[in-house]
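Below: the structure, in structure tokens.
The values are calculated or read from the model by the stated rules, or taken from the named source; none is laboratory data. Note that the structure is a prediction, hence the values are computed from the model and not measured. Note that each Cβ is placed from the backbone with ideal geometry, even for glycine, and that neighbours are counted across all protein chains shown. Accessible surface areas use protein heavy atoms only, side chains included; no ligands, DNA or RNA. Shrake-Rupley method; radii C 1.70, N 1.55, O 1.52, S 1.80 Å.
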Amino acid sequence: MEIIHTENLTKVYKGGLKAVDNLNLSIDEGQIFGLLGPNGAGKTTTIKMLTTQIKPTSGNATVAGINIITESLAVRKVIGVVPQDLTMDEDLRGIENLLMVARFYDIPRGESLRRAKELLDLVDLTEFANKNVGTYSGGMRKRLELVAGLINEPKVLFLDEPTIGLDVQTRTRMWEYIREVKKKLNITIILTSHYLEELDELADTISIMDYGKVKVTGTPESLKSALNGDIIILGINGNEEAEKIKKFPDAISVQLVDEKTVRVKVASVDSELPGFFEFLLANGVKPQTMSVERPSLDQVFMEYTGRRIRDSEGGEDVMKQRINMRRMRA
Amino acid sequence: MSGLMPLFQREIKKWYKDPIFFFVGMLQPLFWIALFGSALDFSKFVPSGQSTFGVSQILDGAPNYITFVIAGVLTTTALFTGIFAGTNIIWDRRLGTLSRFLISPIRRSSIVFTKIFASIVRILVQAVILIAAALIIPNGLVFQNGFNVFDALVVIASITMIAFIFSSIFSLIAIRMTKMNSIFGIINLINLPLMFASYAMFSKSMMASWLGNIAQYNPVSWSAQAIRMVIVNGSLTASQMGTLGLYLLGLFVLTVILTIACIIASEKEIRE
């Protein structure tokens, strides 16, 4: 069943920057849906519109069947949001913050206390419940943010770049918590990220966004397999061997990188590898090294946007665009 | 108004959980009354032998300067504390907590009104300490014509309304503001004119006539004069009652206008 539906959703900021451009999304219930794109792609603006923080310039959307423009207050009651920036009051204790947020949803005190304790336990913060949030580490604060978004038992949880700024180890722990939340509460999670591996790990479906538009949507596996094939990289002993390898009948393509390296593209390593070994033996090719490169989301991103996601991170234009968008949102 | 109570409790909790903020806030009015109130000894300005009569004439009937100025100090305390309602909105924006409020199903105006109500509570507590201190210190506050429940209600109503007025003005200024320096610039610009173009610290008879004429339109004057009338005069004559009524009406009308302005502006304009 569809839980989020957008129709030509568009946001143009003052100054004319079109952050989101006629976005049409249809997100099914019960999945982790990932929005992937570099900074400035329009992910956060999309989330801000869907969570009623900003109004669209044109177009419309529903979340859990509720209109985001005409019934914004009702939308806010059924969603949970974990924004990119930290939002908990550092002068209050962890549990005080959760109880305050619970009261925003008119949850009775006994019930909110029960939920707060349960959620703190879920993210291993029980022993820090009575400490001021100001004393928490970055990872602990992110975990508290995560459960603050769950206190109202939302139908949809929006996670906007949930691991931005965290070290690799803490990020991996965060992924475990997100999986745990999904498993225990079985809610729909909308996750934005510019970390490919994050969405590869967590998302059931991914939409790749760039310049305010969705370029492609699919499961991580389907997006990668759509690139048609895995690559076997061989270290060889010269051109003679390369010429023999080029005759491998099941190769989609064979590329000679240099005198000692050949890239052989096959439909699937899993099914082609035994036959490839037999072919090498039969032709007397004895590779020095062998490795396999499966398609990554980075390659998927490159296929649909024409550039690598990492390259697009530091570009001056994108940085300027990002700063301008922050200013305009303010 | 949804969200009002939890946000209000947060404000009060943050106030008493920060001992420095709490005690400095308490000390500030004490310095006002002990130092500023004692700095001007008007008996030195009038010929000897008729000092009490002379002083009382300059000070609208008050026997000493502290009795005269306490109404002004109460009002300007409301002005200075009201500023924090605005700066606290900017703090919440900069620290990210405002984002949490904006994504919650609460009324946007609750965010602004809790700042205003918390300011009023702080100011009322300061007012109690201030009046107690003024009564204790030598040559301090004297209720020469008594002080009854009606007088107390006038003082509370005036302080509450002037506190509301300043807190809401500074909240309105802060609704879209992101930089702390900007609000402090505005505060510095308007604080002194508001205080000195009023009858808070000096009576009309002590002022240049042009300034005295301007001061009569300043709400700081209305609050200070309303409080001063009941403190200095005790039971009021019919004509004094009329004047008092006008001051309170002026404050009330401003309170209503600013309430509406705050509701409209916060519902429409407040952003993270």
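Having 2 or more residues that are within 20 Å of the chain's Cα centre (by Cα) is the bar; report the strands (runs of 3 or more DSSP E) wholly within the stretch A:180-280 that clear it. Spell out how you get there, then give the answer.
Numbers: elements: A:188-193, A:205-210, A:213-218, A:230-235, A:253-258, A:261-266.
Counting at least 2 such residues, we get A:188-193, A:205-210, A:213-218.
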Subject >> Condition broken by A:Leu113, with the remaining ones in (1) under 23 Å from B:Gly3 (Cα atoms); (2) assigned to a loop (DSSP other than H, G, I, E, B); (3) more than 9 Å from chain B (Cβ to nearest Cβ); (4) open to solvent by 30 Å² or more (accessible area, probe 1.4 Å) satisfied >> reply: (2)
Subject >> Enumeration of residues in the stretch B:11-29 that are more than 14 Å from chain A (Cβ to nearest Cβ) and either open to solvent by less than 60 Å² (accessible area, probe 1.4 Å) or in contact (Cβ under 8 Å) with a residue 24 or more places away in the chain (or both) >> reply: B:Gly25, B:Met26, B:Gln28, B:Pro29
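Could you list all residues from the stretch A:130-148 that are closer than 22 Å to B:Lys13 by Cβ and either under 21 Å from the mean Cα position of the chain (by Cα) or open to solvent by less than 50 Å² (accessible area, probe 1.4 Å) (or both)?
At the first step, the residues of the stretch A:130-148 found to be closer than 22 Å to B:Lys13 by Cβ are A:130-136, A:140-141, A:144-145, A:147-148.
Those that are closer than 22 Å to B:Lys13 by Cβ and either under 21 Å from the mean Cα position of the chain (by Cα) or open to solvent by less than 50 Å² (accessible area, probe 1.4 Å) (or both): A:Val133, A:Gly134, A:Tyr136, A:Met140, A:Arg141, A:Leu144, A:Glu145, A:Val147, A:Ala148.
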Original post:
Pick from B:Val154, B:Val121: which is open to solvent by 30 Å² or more (accessible area, probe 1.4 Å) and either in a helix (DSSP H, G or I) or within 22 Å of B:Asn191 (Cβ to Cβ) (or both)?
Top reply: B:Val121
Original post:
Could you count how many residues in the stretch B:226-251 are at pLDDT below 95 and open to solvent by 10 Å² or more (accessible area, probe 1.4 Å)?
Top reply: 11
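For the stretch A:239-250, state whether one or more residues are within 22 Å of A:Ile3 (Cβ to Cβ) and either of a type in the set (Gly, Ala, Ser) or crowded, with 18+ Cβ neighbours inside 10 Å (or both). Let's see the steps before the verdict.
From the stretch A:239-250, those within 22 Å of A:Ile3 (Cβ to Cβ) are none; that's our starting set.
Looking through the stretch A:239-250, none of the residues is within 22 Å of A:Ile3 (Cβ to Cβ) and either of a type in the set (Gly, Ala, Ser) or crowded, with 18+ Cβ neighbours inside 10 Å (or both).
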Original post:
Tell me, which residue of the stretch B:130-151 that is in a helix (DSSP H, G or I) and out of contact with any helix residue (DSSP H, G or I) (no Cβ under 6 Å at 6 or more places or on another chain) is surrounded by the most Cβ atoms within 10 Å (Cβ to Cβ)?
Top reply: B:Ile131
Original post:
With respect to the numbered conditions (1) touching a Pro at 6+ places or on another chain (Cβ under 9 Å); (2) within 23 Å of B:Leu4 (Cα to Cα), which one is the sole condition not fulfilled by A:Gly34?
Top reply: (2)
Subject >> Top-ranked residue of the stretch A:35-59 - restricted to ones that are assigned to a strand (DSSP E or B) and modelled with pLDDT under 95, ranked as farthest from the other protein chains (Cβ to nearest Cβ) >> reply: A:Leu36
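Somewhere in the stretch A:206-228, is a residue in contact with a His (Cβ under 9 Å, 6 or more places away or on another chain), open to solvent by 10 Å² or more (accessible area, probe 1.4 Å) and of a type outside the set (D, E, K, R)? Spell out how you get there, then give the answer.
Residues of the stretch A:206-228 that are in contact with a His (Cβ under 9 Å, 6 or more places away or on another chain), as a first pass: none.
No, the stretch A:206-228 has no match at all.
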Subject >> In the stretch A:72-108, residue least open to solvent (accessible area, probe 1.4 Å) [restricted to those that are within 11 Å of chain B (Cβ to nearest Cβ), part of a loop (DSSP other than H, G, I, E, B) and farther than 24 Å from A:Gly165 by Cβ] >> reply: A:Ile107
Subject >> Filter pass, A:Ile69 being β-branched (Val, Ile, Thr) and either buried (at least 17 other Cβ atoms within 10 Å of the Cβ) or farther than 21 Å from B:Arg271 by Cα (or both) >> reply: no
Original post:
Taking the stretch A:262-290, which residues are under 19 Å from A:Glu243 (Cα atoms) and of a type in the set (Ser, Thr, Tyr)?
Top reply: A:Thr289
**OP:** Within the stretch B:30-43, track down each residue that is surrounded by fewer than 16 Cβ atoms within 10 Å (Cβ to Cβ) and at pLDDT 80 or above.
**Re:** B:Phe31, B:Leu35
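Kindly indicate whether A:Leu157 is crowded, with 22+ Cβ neighbours inside 10 Å, within 13 Å of chain B (Cβ to nearest Cβ) and under 22 Å from A:Gly42 (Cα atoms).
On the way: crowded, with 22+ Cβ neighbours inside 10 Å: yes; within 13 Å of chain B (Cβ to nearest Cβ): yes; under 22 Å from A:Gly42 (Cα atoms): yes.
Yes: the conditions hold for A:Leu157.
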Original post:
So how many residues does the stretch B:73-114 have that are assigned to a helix (DSSP H, G or I), touching a residue at least 40 places away in the same chain (Cβ under 8 Å), within 14 Å of chain A (Cβ to nearest Cβ) and of a type outside the set (Phe, Trp, Tyr)?
Top reply: 13
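Would you point out which residue out of A:Gly134, A:Gly139, A:Gly165, A:Gly149 is more than 14 Å from chain B (Cβ to nearest Cβ) and of a type outside the set (Phe, Trp, Tyr)? Before the answer, list the steps.
On the way: A:Gly134 fails: more than 14 Å from chain B (Cβ to nearest Cβ); A:Gly165 fails: more than 14 Å from chain B (Cβ to nearest Cβ); A:Gly149 fails: more than 14 Å from chain B (Cβ to nearest Cβ).
A:Gly139 is the lone residue from the list that is more than 14 Å from chain B (Cβ to nearest Cβ) and of a type outside the set (Phe, Trp, Tyr).
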Original post:
Looking at (1) open to solvent by less than 10 Å² (accessible area, probe 1.4 Å); (2) of a type in the set (S, T, N, Q); (3) under 16 Å from B:Tyr247 (Cβ atoms); (4) assigned to a helix (DSSP H, G or I), which is the only condition B:Thr160 fails?
Top reply: (1)
Original post:
Is there a residue being open to solvent by 10 Å² or more (accessible area, probe 1.4 Å) and at pLDDT below 85 anywhere in the stretch B:87-95?
Top reply: no
Subject >> Any hit, the stretch A:117-129, residues being open to solvent by 30 Å² or more (accessible area, probe 1.4 Å) and within 14 Å of chain B (Cβ to nearest Cβ) >> reply: no
